[in-house]
1. Sorted by packing (mean other beta-carbon atoms within 10 Å per residue), highest first, where do 29-39, 134-144 land?
2. Give the angle, between 0 and 90 degrees and rounded to the nearest 10, that separates the Cα long axis of helix 192-202 from the longest principal axis of the Cα atoms of the chain.
3. Would you mind computing, in nm to one decimal, how far apart the modelled labels at residue 4 and residue 22 are, each placed 7 Å from Cα along Cα→Cβ?
4. Give the share of C-alpha pairs in each 5 angstrom bin for the range 3-257, from 0 to the last occupied bin, in whole percents, shortest bins first.
5. Just to be sure I understand the model, the point goes 7 Å from the Cα along the line to the Cβ. What's the resulting residue 38 to residue 175 distance in nm?
6. Please give the calculated 222 nm ellipticity per residue for the chain, where each DSSP H segment of at least 4 residues contributes -39500 (n - 2.57) and the sum is spread over every residue; nearest 500 deg cm²/dmol?
7. Return 161, 171, 28 ranked ascending by Cβ neighbour count within 10 Å, so the fewest neighbours appear first.
8. Treating the angle as unsigned and between 0 and 90°, give the value, to the nearest 10°, between the Cα long axis of helix 25-40 and the longest Cα principal axis of the chain.
Amino acid sequence: MNKESIAYFDQVAADYFQRYYENSPGGYALRVRQEKVLELLDKPAGRLLDVGCGPGVMVPKLINLGFEFWGIDASPRMIEQCHKAFGKVNCAHFTVGNATALAFADEFFDVIICMGVIDRIKDYETAIQEMSRVLKPGGTLLITFTNLLSPHAAWRNFVFYPMMACLRPLYYGLIRRPQPPALVSLARLYTQNAATRLVTKYCGRVTDVVYFYINLFLSPLDELFPQCAVWTAERLEPLCSGKLKWLGASFIVKAKKGSHFNATS
Ligand SMILES: C[S@@+](CC[C@H](N)C(=O)[O-])C[C@H]1O[C@@H](n2cnc3c(N)ncnc32)[C@H](O)[C@@H]1O
């Protein structure tokens, strides 16, 4: 992760957990993502690694399910938040680290999850290769991707965010304040086929792809009318398992590590 992105995540670390409880489209998207990832976990317990764990949002639920939890994150402030909240929990371990160079032994984990992270890792292929390396054969990998075909995600990434990035210097110039760190680079969006190919190439057989979060309010309308956007998204969620699933802003790819992906391949 580049310096600007680390500065951004360091800056939002203390408030990030709170986003999960907001009655906003962003809060709804985080909650539904968490719920769907938990539904896809079929290993009853074992060692689980959360790559880009943020402030440890998954820790309580996963510990309750019986997992021993490891979390790594490139942002030191995020890891500080993890230690603050869960430092006394014996079966939870946290370290600052990079997804592209995981400091764990080969085939150490039963399950690896990576939520809201891969779209912004420049060397994403190395990151997936690393996750596969530290996963046991037969282990489960769950990665969330942002959907290139979703009108909401594409508009936000390719039009709304770049527009806001141009207006930022003007805005902070007008109010005479220094610009706080922001995510400047574009995220990489994926089609289901592209994401599936990638995961199959480095890890093994894809067993499930689950879409979530249909938001018909293009930004900034969703931010201007957050409750209408959440109300609609809740009602449209069932469409994510039918023919219109491609409207979902994101999807989760679940794979089983093949036995032919040994530590040195
Ligand atoms: C959008 S947050 C997601 C946090 C959490 N996974 C969740 O689901 O709420 C992305 C997190 O990934 C971390 N991150 C981004 N790039 C990373 C990398 N290359 N290695 C490790 N962590 C990274 C950021 O510091 C940030 O905490």
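No lab work stands behind these numbers, since they all come straight from the coordinates. Note that this is a predicted model, so its numbers are computed, not measured. Note that we place each Cβ from the backbone using ideal geometry, even for glycine, and neighbour counts take in every protein chain shown.
1. On the way: 29-39: 17.7, 134-144: 21.7.
My ranking of the peptides, most packed first, is 134-144, 29-39.
2. Value to nearest ten degrees: 30.
3. 2.1 nm
4. Spelled out per bin, shortest first, that is 1, 6, 12, 17, 20, 18, 14, 8, 3, 1, 0, 0.
5. For the pair residue 38/residue 175, the computed spacing is 3.5 nm.
6. On the way: 10 runs with 105 residues, N = 265.
Mean residue ellipticity at 222 nm (helix-derived): -12000 deg cm²/dmol.
7. Numbers: 161 17, 171 11, 28 23.
Ascending Cβ contact count within 10 Å gives the list 171, 161, 28.
8. Its long axis makes an angle of about 10 degrees.
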